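The values are calculated or read from the model by the stated rules, or taken from the named source; none is laboratory data. Only a predicted model underlies this, so the values are computations on that prediction, with no experimental measurement involved. Because the Cβ atoms are built from the backbone with ideal geometry, glycine has one as well, and the counts that use them run over all protein chains shown. Ligands, DNA and RNA are excluded from the accessible area calculation, which covers all protein heavy atoms including side chains. Shrake-Rupley method; radii C 1.70, N 1.55, O 1.52, S 1.80 Å.
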Amino acid sequence: MKTIKIGTKDFQTRGATYVMGILNVTPDSFSDGGKFNHMDAALHHVEEMLVDGMDVLDIGGESTRPGYTKLSDQEEIDRVAPIIEAVKARFDVPVSLDTYKSAVAEAGLKAGVDLINDIWGLKYDEKMGPVIAKYGVPCCLMHNRENSDYRMLIPDICADLEESLAIAEDAGIDPDQIILDPGIGFGKTYEQNLAVIHHLEELSRFDLPILLGTSRKSVIGLTLDLPAEERMEGTLVTTVLAVEKGCSFVRVHDVKENVRAIRMVRAILEAE
């Protein structure tokens with residue numbers, strides 16, 4: 001059974017789907033901006049998500065919604081480092097840091113982060129790969145590009161991910177420490193996002209754990225014509241598909257509901 005170690009915990013990457021809970025310590029995230037960017041509120045929310053069954057916590061200090069305002073490295077560090085230290089001091093949970101900047105990643109790793117989640121798949125900051133390799137932590141490499149011009153959608157996405165994997169190899173990152181994310185909502189049109197979710201099983205060619213992050217995203221809002229705060233049911237459908245298609249992780253806002261959906265799907269799939 002293949003496993004990946006995040007922090008002190010081992011995660012089976014086949015036959016199981018784990019829940020990564022989202023903690024945005026930002027004032028402007030698309031679905032929960034400003035709700036958890038104060039210490040007490042953030043820690044309370046982490047505790048709630050742990051009670052609800054969260055397996056990994058993903059902390060983000062800069063919104064990456066369309067049209068987001070880019071922060072300086074120091075602003076982002078000032079947002080995330082105290083939260084990371086407080087979470088690690090209080091809770092026994094692997095912590096992921098959602099950043100594409102090597103200076104922020106290194107500050108997070110010094111504060112106790114167990115995994116780096118890079119929305120640019122090591123392509124934004126050439127120092128990111130070496131920082132991850134230096135600390136020997138796992139990483140999640142997401143597919144992203146500047147535009148949505150594809151010749152053949154799935155093959156092009158796989159080729160882009162191959163480039164990220166080559167960068168990781170050159171940096172000395174252990175291939176057994178890599179998770180891949182198809183990047184729903186990044187560098188893709190509405191129709192392309194639907195197609196990628198439909199063809200998730202195509203990513204099995206990499207023989208690496210896959211993380212799906214669709215929670216409350218515009219692909220759900222556009223399909224159902226619903227605002228961000230009303231997209232839970234749509235998210236749950238994508239989580240069920242993630243389980244069926246072999247994804248190892250889902251990154252979500254609504255932990256309890258997604259944990260229950262995964263448990264139900266798994267019971268059906270494992271029935272004799």
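Of the residues making up region 154-202, those that are over 25 Å from Ile6 (Cα atoms), part of a loop (DSSP other than H, G, I, E, B) and over 18 Å from the mean Cα position of the chain (by Cα) are Thr189, His199.
Residue count for region 203-242, restricted to those that are part of a loop (DSSP other than H, G, I, E, B) and surrounded by 14 or more Cβ atoms within 10 Å (Cβ to Cβ): 9.
Within 22 Å of Asp10 (Cα to Cα) and among the basic types (Lys, Arg), is that true of Arg145? Criteria not met by Arg145.
Of the residues making up region 243-272, those that are touching a residue at least 12 places away in the same chain (Cβ under 8 Å), among the small types (Gly, Ala, Ser) and open to solvent by 40 Å² or more (accessible area, probe 1.4 Å) number 1. Checking Ile167, Ile116, Ile154 one by one, the residue that is at pLDDT 95 or above and crowded, with 23+ Cβ neighbours inside 10 Å is Ile116 and no other. Checking Leu43 against (1) more than 19 Å from Leu208 (Cβ to Cβ); (2) modelled with pLDDT of 95 or more; (3) open to solvent by 30 Å² or more (accessible area, probe 1.4 Å), which test does it fail? For Leu43, the exception is condition (3).
Scanning region 170-193 for residues that are under 21 Å from Thr17 (Cβ atoms) and open to solvent by less than 30 Å² (accessible area, probe 1.4 Å) yields a total of 8.
Among the residues of region 134-143, those identified as in contact with a helix residue (DSSP H, G or I) (Cβ under 8 Å, 6 or more places away or on another chain) and crowded, with 18+ Cβ neighbours inside 10 Å are Val137, Pro138, Cys139, Leu141, His143. Residues that are at pLDDT below 90 and of a type outside the set (Ser, Thr, Tyr) were ranked within region 63-86; the one that is farthest from Gly187 (Cα to Cα) is Leu71. A residue that is surrounded by fewer than 20 Cβ atoms within 10 Å (Cβ to Cβ) and not in a loop (DSSP other than H, G, I, E, B) occurs somewhere in region 94-109.
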